[in-house]
Amino acid sequence: MNQEQMQIWNYLNERAQCHENRKSSDEIRDELNLESGGPTNEHIRDLIRGMILNHNCCIGSDNSGYWVITNEGELNGVVTSLRDRANGVLERASALERNWENRDHV
């Protein structure tokens, strides 16, 4: 992990164990004096995504923040949410392909 990721990991471990203690990307940015990378804290989100994909971190997220996953219930909730979002994107992609094929019929 790079230095910023280590800072985030330490911060989440100290202050965001479990969903009830989640921290928003704004809180993480401000507490750690990190760059936002844009209006929705893209830099913070990218760092956390890399921590999950490349550094074996179990970090949950929802619309209100990030936290260290502490039990299987939290894990299952996060995984279900991610799969539901992925399925929704795939459905939309399929609909666009169908719409394209049927565009002359509208």
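Listing for the model above:
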| read-out | value |
| --- | --- |
| Residue list for the stretch 1-19, restricted to those being in contact (Cβ under 8 Å) with a residue 40 or more places away in the chain and among the acidic types (D, E) | E4 |
| Flag if C58 is touching a residue at least 24 places away in the same chain (Cβ under 8 Å), in the same structural domain as M1 (by TED's automatic domain parsing) and not basic (K, R) | no |
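The values are calculated or read from the model by the stated rules, or taken from the named source; none is laboratory data. Keep in mind that what you see is a predicted model, and the values were worked out from it rather than measured. Heads up, the Cβs are rebuilt from the backbone with ideal geometry, glycines too, and the neighbour counts pull from every protein chain shown.
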